[in-house]
1. Can you spot a residue in region 110-130 that is touching a Ser or Thr at 6+ places or on another chain (Cβ under 8 Å) and not basic (K, R)?
2. Scanning for something open to solvent by 50 Å² or more (accessible area, probe 1.4 Å), of a type in the set (A, V, I, L, M, F, W, C), at pLDDT 75 or above and under 24 Å from the mean Cα position of the chain (by Cα), does region 266-281 turn up at least one residue?
3. Here is a check on your reading of the model: is D26 open to solvent by 60 Å² or more (accessible area, probe 1.4 Å), outside any helix (DSSP H, G or I) and in contact (Cβ under 8 Å) with a residue 24 or more places away in the chain?
4. Can you name the residue in region 283-297 that is at pLDDT 80 or above and not hydrophobic (A, V, I, L, M, F, W, C) and, of all such residues, is surrounded by the fewest Cβ atoms within 10 Å (Cβ to Cβ)?
5. Step by step: first the residues of region 210-265, then only those that are in a loop (DSSP other than H, G, I, E, B), under 28 Å from C25 (Cβ atoms) and among the charged types (D, E, K, R), then the one that is modelled with the highest pLDDT. Which residue is that?
6. Give me a count of the residues in region 62-76 that are surrounded by 11 or more Cβ atoms within 10 Å (Cβ to Cβ) and either farther than 30 Å from L42 by Cα or of a type outside the set (A, V, I, L, M, F, W, C) (or both).
Amino acid sequence: MCGLMLIIVLCAWIGLMLFAKYFNCDPVGASIIKSPDQMLPLFVTQVLGKYPGFPGLLIAGLTSGSLSTISSALNSFTAIISGDFVKHYRPDFSEEKLAVISKIISIVSGIIAFALVFVVAEVNKTIQVAPFATLFHGVLLGPILGAFALGIFFPFTNELGTLLAVIVSVLLSTFVGLGNIFSGRAGLLPDQKLTLSTDGCLLTNHTINDSGKNLFMPRYIGDWKESHANDSFFLKIWSISFLWQPVIGVISTFLLGIIFSGIVNIIRTNSGPKVNESLLSTSLLQLWKILLGQAYLDKWVDYDSPPFTGDPKAKLRRNNDMANCKFKDNEQAFSVSVS
């Protein structure tokens, strides 16, 4: 968590440096570059280009960062498919066979991901895919984290209440995200970007766009708030940054999961299956014991079963042991009756 916060702070610091460098000579407006994504390489080339090795170090950093992100995603995807699906439905597979299957899944998923690069490049010419990819990520990340948090912290939540909360949270996050995308394309959302100008650009062979002229007008930060003070309620909701979509999903899943689970528990005649003690937060379990009492927790928490390991082979062995015990008991009962 601290590392992620440090990365965000460093990215914000880089953005401030870029604004301080190009606030009176916008490279995009002056047609020096075509996209704002090219501003950081341009900055490194102009500022550190006279020092040998620094531009190459930037390219190496970008390449290694991209490769590490892709490799982590492929490894996570392979681990999920192998652990949650292959081992679940085929617990009799040996570790060697699972290793071979994992390698095949990793290779196939890598090829598909590489092929999608060309598909997205073609689609991006007519439809900007990046906002929808961010929406897909934000819509699913929050509710999934909220569902796991419900299971860890609240023993009285149930699968139906959590499922309903996840569905509602996904719909809510999708509503906010799609509204943000389409309202932004229609120009209805406030423009919170800092103003830039091309007045400080030296004459070059590039033609300065009309959109890059006269952009630097002194203003204070409250301008965009005052101009959009009378916006509708939905526009104010849709103006929420996409960075807050996972937070919306977590909070809504958390609160709705507690409410829906409580309603389900009231309607149900029985409390449902108990939760293994090892799957719950120990410190929070002690807190619930103080607040609700041990008698209430006994209806929801299973203190007698062995700690959950998540190994399907262990579950298979337990089932076989139970079957053997039942067979021996029946055999002993049959021998006693015959004698």
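1. No - not one qualifying residue is present in region 110-130.
2. Taking every residue of region 266-281 in turn, at least one turns out to be open to solvent by 50 Å² or more (accessible area, probe 1.4 Å), of a type in the set (A, V, I, L, M, F, W, C), at pLDDT 75 or above and under 24 Å from the mean Cα position of the chain (by Cα).
3. Values: open to solvent by 60 Å² or more (accessible area, probe 1.4 Å): no; outside any helix (DSSP H, G or I): yes; in contact (Cβ under 8 Å) with a residue 24 or more places away in the chain: yes.
Spelling it out, it is not the case that D26 is open to solvent by 60 Å² or more (accessible area, probe 1.4 Å), outside any helix (DSSP H, G or I) and in contact (Cβ under 8 Å) with a residue 24 or more places away in the chain.
4. Ranking the candidates gives S283 first.
5. Of the residues in region 210-265, the ones in a loop (DSSP other than H, G, I, E, B) are 213-222, 228-232, 239-241.
Going one step further and asking which of them are under 28 Å from C25 (Cβ atoms), we end up with 213-222, 241.
Now restrict to residues that are among the charged types (D, E, K, R): 213, 219.
Working: K213: 42, R219: 45.
Only one residue fits best here, namely R219.
6. 3
Table: residues versus (1) surrounded by 13 or more Cβ atoms within 10 Å (Cβ to Cβ); (2) within 16 Å of the chain's Cα centre (by Cα).
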{"residue": "T78", "(1), (2)": "yes, no"}
{"residue": "S82", "(1), (2)": "yes, no"}
{"residue": "S94", "(1), (2)": "no, no"}
{"residue": "I105", "(1), (2)": "yes, no"}
{"residue": "A115", "(1), (2)": "no, no"}
{"residue": "N124", "(1), (2)": "no, no"}
{"residue": "L135", "(1), (2)": "yes, yes"}
{"residue": "P143", "(1), (2)": "yes, yes"}
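Residue by residue, here is whether (1) open to solvent by less than 40 Å² (accessible area, probe 1.4 Å); (2) modelled with pLDDT under 80; (3) of a type in the set (D, E) holds:
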| position | (1), (2), (3) |
| --- | --- |
| A147 | yes, no, no |
| L163 | no, no, no |
| L171 | no, no, no |
| L196 | no, yes, no |
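The values are calculated or read from the model by the stated rules, or taken from the named source; none is laboratory data. Remember, predicted model here, so these are calculated numbers, not experimental data. For neighbour counting, all protein chains shown are included, and Cβ atoms are generated from backbone atoms with ideal geometry for every residue, glycine included. Note: areas computed on protein heavy atoms with side chains; ligands, DNA, RNA excluded. Shrake-Rupley method; radii C 1.70, N 1.55, O 1.52, S 1.80 Å.
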